[in-house]
Amino acid sequence: MDDLRILTNLRKGVLECCVLALMQDHDVYGVDLAKRLTALGLIASEGTLYPVLSRLRKTGLVSTRWEESTMGPPRRYYSITAEGRHVVEQFQHIWGSFSTSVEAALRGGGKDE
């Protein structure tokens, strides 16, 4: 398995929760969110984000609103819902023990000695 395939699979597994986590403190505009995710290495291109945002909206984890822009057409802003916050809390709880388990496996932990 090559590095890109491994990274792609890891990103797919955590992207939705990372998107929600980045919305916890304030509403976000899609382009700004894409820039942050790209800088963090969580997406390779902006086109990856919009299907995720659509899924999150359809499942009730985010809501949207339109806002007029002084530099072009109206912008859609995304807000995390109470249910979305609950998902982030669950993810944070699970991630700690899961990442510890992965690290242990990579170090060869759990071997019969």
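Principal axis extents of the C-alpha atoms in the chain (largest first, rounded to whole Å): 65, 32, 21.
Selection among 45, 101, 60 by position relative to the dipole of segment 1-104 gives 60 as farthest towards the positive end (Cβ unit charges, Cα centre). Converting phi to 3J(HN,Hα) with the Karplus coefficients 6.51, -1.76 and 1.60 and the offset θ = phi - 60°, segment 25-30 yields 8, 6, 5, 10, 8, x Hz in sequence order, with x at every glycine or proline. Here the calculated FRET efficiency for residue 59 and residue 107, from their Cβ-Cβ distance with R0 = 41 Å, stands at 0.70, rounded to the nearest 0.05. Comparing 84, 13, 72 in a Gaussian network model of the chain (Cα springs below 10 Å), the most mobile by mean-square fluctuation is 72. Using the Cα centre of the chain as the reference point, and only Cβ charges (+1 on K/R, -1 on D/E), how large is the resulting charge dipole? Debye, rounded to the nearest 20. Dipole of the chain, to the nearest 20 debye: 320 debye.
State, as an integer percentage, the relative contact order of segment 38-113 based on alpha-carbon contacts under 8 Å between residues 6 or more apart. Rounded, it is 17 percent for segment 38-113.
Close amide-amide hydrogen proximity is noted between residue 43 and 38, each under 5 Å apart and 5 or more residues distant or on a separate chain (H modeled in the peptide plane; Pro and chain starts excluded). With a cut-off of 13 Å between beta carbons, the residues surrounding residue 4 carry a summed charge of +1, where Lys and Arg count +1 and Asp and Glu -1. A Cα-only calculation for segment 40-92 places Rg and Dmax at 13.1, 38 Å. For segment 94-108, 3J(HN,Hα) computed residue by residue from phi via the Karplus equation (6.51, -1.76, 1.60; θ = phi - 60°) reads 6, 4, x, 6, 5, 5, 5, 5, 5, 4, 5, 5, 5, 8, x Hz, glycine and proline entered as x.
In this structure, the amide hydrogen of residue 62, modeled 1.01 Å from its nitrogen in the peptide plane, lies closer than 5 angstrom to those of 57, 81, counting only residues at least 5 positions away or on a different chain. The 3J(HN,Hα) values that the Karplus relation (6.51, -1.76, 1.60; θ = phi - 60°) gives for segment 67-78 are, in residue order, 9, 4, 10, 7, 10, x, x, x, 10, 8, 9, 10 Hz. Gly and Pro appear as x. Under a no-solvent Debye model with one identical scatterer per Cα of segment 13-60, what's log10 I(q)/I(0) at q = 0.19, 0.23, 0.27 Å⁻¹? Reported log10 I(q)/I(0), two decimals: -0.54, -0.81, -1.14.
Each reported figure results from applying straightforward, stated rules to the coordinates on display, with no laboratory input. Given the structure is predicted, the values throughout are model-derived calculations rather than measurements. Reconstructed Cβ throughout: ideal geometry from the backbone, glycine too, with neighbour counts over all protein chains shown.
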